[in-house]
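Only one structure is covered here, and it is reproduced in the block below.
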Amino acid sequence: MVLTPTPVMNLEQPVTLQDLPVAVRRKVSIVVPCHNESEAIPELHTALLGLFAQLSAYDFEVICVDDGSSDDTLLQLVTLARRDRRFHVIELSRNFGKESALTAGLNEATGDAVIPFDADLQDPPELIPRMIEEWAAGAEVVLARRVDRTQDGFLKRKSAELFYQFHEKLSTISLPENVGDFRLIDRIVVDVLKQLPEHHRFMKGLFAWVGFRTVTLDYKRNARARGTTKFSGWKLWNFAIEGFTSFSTAPLKFWSYVGILGALTTLLYALVVVLRTLIYGVDVPGYASLLVAILFIGSLQLISVGVLGEYIGRIYMEAKNRPVYVIRKRY
Ligand code: UDP
Ligand code: MG
């Protein structure tokens, strides 16, 4: 029997990245949540095709999530998927909201990197080559920051600004300002996100929570190409509450301090009342101060119960452990 010596690694020569086997072509998944976007889809398709032609060194797949559209969005998406094998369609059983649609897309994506992308082309596709460049250079998360929000109304900009300020103060994570869901995330980040068990999915917060090596690119946000925004003022308000309650318990703690302050003030006032009664005898008037005190404390209690309710409601929903979305069919 002849024994051949096992090859020994030459330890004197340092191993460089070039020595490692070159990976096969890498695949990028683009996840597009669509809710009544039939007017926007033809342009979206053209823009994406242009992008694929430009980035021919990469493979692409597009995961379109139809989030319970009532127009012919689904039909258009399915037609695309039939013609072009890079396009895949996930049809949800009803409208679950953008966060859920995005979660569905992330779960279905198979690429080495995933880019959530709005159907209305408000996220400029021109930025994607730069994102991929940063990713190839080693970034695990490439954020796209809007430098100019003049396309959004005054109220939307101001309220967004306030939201970020409050969030920074109240919560344990820091949300990068003016960064939406448009970003590139590496497969390792996607896998971590998929493991997060919560059902209330405030994606911006979850993205920030997982961390990883992050690079930020600046861009100018376009106006909506077609169709109208799906986020009304009320929806945005609820979205903001979601943002606070998902990552902060400060609103809960706040009421303990209000309580302590109230109790101390009451104690002082009680002393004054007792002393005054002892010195000057029984004091009958006091109707106004009594009423004001009762009403004021009563409202405070209602507000604090309301805040408790926000959290308990969330605990209740999480405890039910229902899925984040339901898929009717894949195309
Ligand atoms: N969207 C969704 N489900 C919803 C609402 C919106 O999938 O319930 C999608 C919508 O089709 C779009 C993206 O989320 O692709 C962003 O929505 P929109 O442009 O209306 O938001 P805005 O840009 O005004 O914040
Ligand atoms: Mg939009």
Heavy-atom accessible area per residue - the chain, 1.4 Å, Å²: 60
If you add up the charges near Pro251, with Lys and Arg at +1 and Asp and Glu at -1, over every other residue whose beta carbon is less than 13 angstrom from its beta carbon, what do you get? +1
What's the FRET efficiency of Asp84 with Thr229 using the Cβ-Cβ distance as r and R₀ = 25 Å, to the nearest 0.05? 0.35
Whole number please: convex hull volume per residue of the Cα set in region 173-331, in Å³? 226
Computed log₁₀ I(q)/I(0) - Debye formula, equal Cα scatterers, no solvent, region 145-198, q 0.30 Å⁻¹: -1.16
Got a sec to turn the phi values of region 48-64 into Karplus ³J(HN,Hα) couplings, 6.51 cos²θ - 1.76 cosθ + 1.60 with θ = phi - 60°, whole Hz, x for Gly and Pro? 5, 4, x, 5, 5, 5, 5, 9, 6, 6, 10, 8, 10, 9, 10, 9, 8
Would you mind checking the tilt of helix 250-280 against the longest principal axis of the Cα atoms of the chain, expressed as 0 to 90 degrees and rounded to 10? 10
On the first, second and third principal axes, largest extent first, how far apart are the outermost C-alpha atoms of the chain in Å? 110, 62, 40
Starting from the Cα gyration tensor of region 82-219, take the square roots of the eigenvalues, sort them a ≥ b ≥ c, and report rounded, prolate or oblate (rounded when a/c is under 1.5, otherwise prolate if a/b is larger than b/c, else oblate). rounded
With a Förster radius of 41 Å, plug the Cβ-Cβ distance of Val192 and Val273 into 1/(1 + (r/R0)^6) and report the FRET value to the nearest 0.05. 0.10
For region 226-331, give the percent of accessible area contributed by carbon and sulfur heavy atoms, probe 1.4 Å, rounded to a whole number. 75
Label-to-label distance, nm, for residues given as Ser174 and Glu310 (7 Å Cα→Cβ offset): 2.4
Compute the distance in nm between two label points, each set 7 Å from the Cα along the Cα-to-Cβ direction, one at Val292 and one at Lys329. 6.8
Can you give me the Kirkwood hydrodynamic radius for region 157-230, using every pair of distinct Cα atoms, in Å to one decimal? 14.4
Which one of Leu261, Leu193, Leu75 has the biggest mean-square fluctuation once the chain is modelled by GNM with Cα springs under 10 Å? Leu261
Using Cα springs under 10 Å in a Gaussian network model of the chain, which residue among Phe296, Phe52, Phe254 shows the largest mean-square fluctuation? Phe296
Ellipticity estimate at 222 nm from DSSP helix runs (n ≥ 4, -39,500 (n - 2.57)) divided over the chain, nearest 500: -16000 deg cm²/dmol
Testing the spin-label approximation: label points 7 Å from Cα along Cα→Cβ at Arg213 and Val24. State their distance in nm. 2.4
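The values are calculated or read from the model by the stated rules, or taken from the named source; none is laboratory data. Nothing here was measured: the structure is a model prediction, and the numbers come from that model. Every residue, glycine as well, gets a Cβ built from its backbone with ideal geometry; the counts of neighbours run over all protein chains shown. Just the protein is used for accessible areas: all its heavy atoms, side chains included, with ligands, DNA and RNA removed. Shrake-Rupley method; radii C 1.70, N 1.55, O 1.52, S 1.80 Å.
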